[in-house]
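J.: Quick one: the structure is below, and I'll ask about it shortly.
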Amino acid sequence: MVGYPVAHSRSPEIHHAFAADTGVDLVYDRIELTEAGFADGVRRFFEAGGLGLNVTLPHKLAALGVADAASERARQAGAANTLRAEPGGIHADNTDGAGLLRDLSSNLGVRITGARILVLGASGAARGAVAALLSADPGGIVVANRDPNRARRMATDFPQVQVAGYQAADPSAFDLVINATSASLKDSVPPLLDAPCPTAYDMVYRDGPTAFQRWALDHGSPLAADGWGMLVEQAAESWVVWGLPRPETAAALDAGRVFRR
Ligand code: NDP
């Protein structure tokens, strides 16, 4: 796992739990690389025989840039979180969207097909989410973002998506609101309308409910999940990218999930 900083990452805990369950002999460490040292650090890792890497902030865009080839979902997200060595060089993929979709539909029982979905944020995580959600045939997706240019880029790249300002997107008109902003990391919430909230999902996870989970519950949400399940499921999906068996995720999910009905 490469990031900066990276000491807080709980990914090693998840991957070592998968390794213990599956019997795969795996070492998964944190590697701290600055932006200036990222590309060289990644190449050194693979030259030394590394099988695969996960990449986190702030390097997800650079991870796509360092790769010699990329999956369709990484290109759609404009960012990569999973790298693997191939005979032709480094291959980039993005498992975040698939992880989110699996957490919502398989773990939380949230129906995506036909659902009207409001996505908050328009950066890499939001783009990966939108690409994956579209594959499940939702009833419609509206994206709200602080920076309107970024939101418009999203609508250009995903013509099925509509764009709205935060104050024009009424949460009560949707079946699901997904917070793909990093606002909860600073304990704040995007400037949403003061309206009833449907099922809610925050990509951020922490020890207690996030600011967005608290906001959703205060506004009557029947279910407000954090992003721990997404983290676990994107990790499992990374195993598939690396050519390893797909691990069971139930035990890792129980270890960290914070959500309230
Ligand atoms: P970026 O830093 O690239 O994007 C940040 C996004 O948040 C932008 O859309 C930005 O809007 C918006 N934003 C930040 N602060 C605020 C605020 N106070 N109010 C409104 N909008 C705000 O991050 P990523 O796209 O890579 O990731 C987004 C979040 O998702 C991160 O917190 C990350 O930790 C989490 N994540 C979780 C994963 C998981 O497995 N659980 C996987 C991937 C990401 P603007 O464009 O206007 O600046």
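The values are calculated or read from the model by the stated rules, or taken from the named source; none is laboratory data. Remember, predicted model here, so these are calculated numbers, not experimental data. Because the Cβ atoms are built from the backbone with ideal geometry, glycine has one as well, and the counts that use them run over all protein chains shown. Remember, those area values only see protein heavy atoms, side chains included, never the ligands or the DNA or RNA. Shrake-Rupley method; radii C 1.70, N 1.55, O 1.52, S 1.80 Å.
J.: Can you confirm whether the range 184-201 contains a residue that is assigned to a helix (DSSP H, G or I) and either open to solvent by 10 Å² or more (accessible area, probe 1.4 Å) or closer than 18 Å to Ser106 by Cβ (or both)?
T.: Looking through the range 184-201, at least one residue is assigned to a helix (DSSP H, G or I) and either open to solvent by 10 Å² or more (accessible area, probe 1.4 Å) or closer than 18 Å to Ser106 by Cβ (or both).
J.: Can you name the residue in the range 215-257 that is of a type in the set (Val, Ile, Thr) and out of contact with any strand residue (DSSP E or B) (no Cβ under 6 Å at 6 or more places or on another chain) and is also nearest to Thr199 (Cα to Cα) among such residues?
T.: Step by step, filter the range 215-257, then rank; the result is Val232.
J.: Here is a follow-up. Kindly check whether there is at least one residue in the range 161-172 that is within 11 Å of the ligand (Cβ to nearest atom) and open to solvent by 60 Å² or more (accessible area, probe 1.4 Å).
T.: Within the range 161-172, none of the residues are within 11 Å of the ligand (Cβ to nearest atom) and open to solvent by 60 Å² or more (accessible area, probe 1.4 Å).
J.: Quick check on the range 50-59. Is at least one of its residues of a type in the set (A, V, I, L, M, F, W, C), within 12 Å of the ligand (Cβ to nearest atom) and closer than 13 Å to Gly128 by Cα?
T.: No: zero hits.
J.: Same structure, new question: Kindly list, by first and then second residue, each pair from a residue in the range 162-175 that is within 20 Å of Asp218 (Cα to Cα) to a residue that is among the charged types (D, E, K, R) and open to solvent by 40 Å² or more (accessible area, probe 1.4 Å), limited to pairs with Cβ atoms under 6 Å and residues at least 6 apart or on different chains.
T.: Phe174/Arg116; Asp175/Arg116
J.: Considering only helices (runs of 4 or more DSSP H) fully contained in the range 1-82, which possess at least 2 residues that are out of contact with any helix residue (DSSP H, G or I) (no Cβ under 9 Å at 6 or more places or on another chain) and open to solvent by less than 20 Å² (accessible area, probe 1.4 Å)?
T.: 11-22
J.: Tally time: how many residues in the range 105-116 are aliphatic (A, V, I, L, M) and out of contact with any Gly (no Cβ under 8 Å at 6 or more places or on another chain)?
T.: 2
J.: Looking at the range 238-259, is at least one residue open to solvent by 10 Å² or more (accessible area, probe 1.4 Å), within 12 Å of the ligand (Cβ to nearest atom) and within 23 Å of Leu134 (Cβ to Cβ)?
T.: No: the range 238-259 contains no residue that is open to solvent by 10 Å² or more (accessible area, probe 1.4 Å), within 12 Å of the ligand (Cβ to nearest atom) and within 23 Å of Leu134 (Cβ to Cβ).
J.: What number of residues within the range 143-160 satisfy the criterion of being away from the ligand (no atom under 12 Å from the Cβ) and under 17 Å from Phe212 (Cβ atoms)?
T.: 0
J.: Moving to a separate point now. Of the residues that make up the range 214-229, is at least one within 16 Å of the ligand (Cβ to nearest atom), open to solvent by 20 Å² or more (accessible area, probe 1.4 Å) and farther than 13 Å from Leu100 by Cα?
T.: Within the range 214-229, one or more residues are within 16 Å of the ligand (Cβ to nearest atom), open to solvent by 20 Å² or more (accessible area, probe 1.4 Å) and farther than 13 Å from Leu100 by Cα.
J.: Sticking with this structure for a sec: Which members of the range 113-136 meet the condition of being away from the ligand (no atom under 13 Å from the Cβ), surrounded by fewer than 24 Cβ atoms within 10 Å (Cβ to Cβ) and touching a residue at least 60 places away in the same chain (Cβ under 8 Å)?
T.: Selection gives Ala115, Arg116.
J.: Now, a different point. Just wondering, is there one or more residues in the range 204-212 that are open to solvent by 10 Å² or more (accessible area, probe 1.4 Å), part of a loop (DSSP other than H, G, I, E, B) and of a type in the set (D, E, K, R)?
T.: yes
J.: Consider the range 219-251. How many of its residues are assigned to a helix (DSSP H, G or I) and under 17 Å from Leu104 (Cβ atoms)?
T.: 11
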